[in-house]
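Below is one structure, written out as structure tokens; the observations come after it.
The values are calculated or read from the model by the stated rules, or taken from the named source; none is laboratory data. Computed from a predicted model, the values in this text were never measured in an experiment. Cβ: placed from backbone, ideal geometry, glycine included. Neighbour counts: every protein chain shown. SASA here: full protein model, heavy atoms, side chains in, ligands and nucleic acids out. Shrake-Rupley method; radii C 1.70, N 1.55, O 1.52, S 1.80 Å.
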Amino acid sequence: MNGQKALALEDFCKSIGHAFVRFDYTGCGSSEGNVKESTVGKWRKDVLSVLDELTDGPQILVGSSLGGWLMLHAAIARPEKVVALVGIAAAADSLVATFQQLPVEVKKEIEEKGEWKLPTKHNEEGFYIVPYEVIQEAENHCVLVTPLPIKCPVRLLHGMKDEDVPWQISLKIAERVVSTDVDIILRKAGQHRMKEQDDIKLIVYTVEDLIDKLTTLT
């Protein structure tokens, strides 16, 4: 969790005396564990554990990609604690949806081999190895099939040049949450990681605006 977005948000929060927590999921970054043994369900538990054990009071959750999926679960599971959401290229249900769009013969091959080489531009190998069991388990955590009982403010930022998670997913999230305080911001030249200087400025501004809004309400 030493990426530009997380560090920029931490610096901003420190500058205004606001508490901030950033963390890596099990098997990712600096956290212990084997990512090949991790699942969406285990990462969901990570988020809830951090919320329950490391935070006090109302929380604004900022989730990027997979984190954008998991923040929805957290908001549903802890509605009394989560007071706002900021999704950055939120990948809700994306793993399952991408798999389901594959040709039948390709899905069958993945099932037989027990793993999926998911193409990516974000590492030297050019793909992530995703165990088939992870895909199956992820189906239990899809959220875009029914209305989402999330009533807090939601801000969804997405790059229209995102080749990993289609920006249309942010539209689906906006449609599914019951909250009416939902804004979507599309950056025409933005890519998946949203790490350009203007992207980061937008993310920080979005969080700052929510803090001001929630402070005014209280």
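In table form, for the structure just shown:
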item	result
Global form of the range 102-214, assessed from the alpha-carbon gyration tensor, a/c cut-off 1.5	oblate
Probe 1.4 Å, accessible area per residue of the range 87-155, Å²	57
Separation of the residue 128 and residue 42 label points, Cα + 7 Å toward Cβ, nm	1.4
Sites residue 171 and residue 214 - FRET efficiency at Förster radius 35 Å, r taken between beta-carbons, to 0.05	0.90
Nearest-ten-degree value, helix 197-217 long axis tilted from longest Cα axis of the chain	50
Long-range amide H partners of residue 93 with built H, under 5 Å	143
Solvent-accessible ranking of 216, 120, 180, largest area first, probe 1.4 Å	180, 216, 120
Accessible-area order (highest first, 1.4 angstrom probe) of the listed residues 139, 112	112, 139
The chain - charge dipole about Cα centre, Lys and Arg +1 at Cβ, Asp and Glu -1, debye rounded to 20	420
Accessible surface of the range 67-218, 1.4 Å probe, proportion on carbon and sulfur as whole %	51
Extension gain, residue 205 back to residue 160 (0.36 nm per residue minus Cα-Cα distance, nm)	14.2 nm
Loop sites in the range 127-218: trypsin sites (Lys or Arg not before Pro), DSSP, at most 12 other Cβ within 10 Å	161, 188
Residue 146 versus residue 115: modelled label distance in nm, points set 7 Å from Cα along the beta carbon direction	3.6
Eligible lysines near residue 161 by straight Cα distance, threshold 27 Å, same-chain separation 8 or greater	5, 107, 117, 121, 172, 188, 195, 201
Length-normalised contact order for the chain - Cα pairs under 8 Å, 6+ apart - percent	19
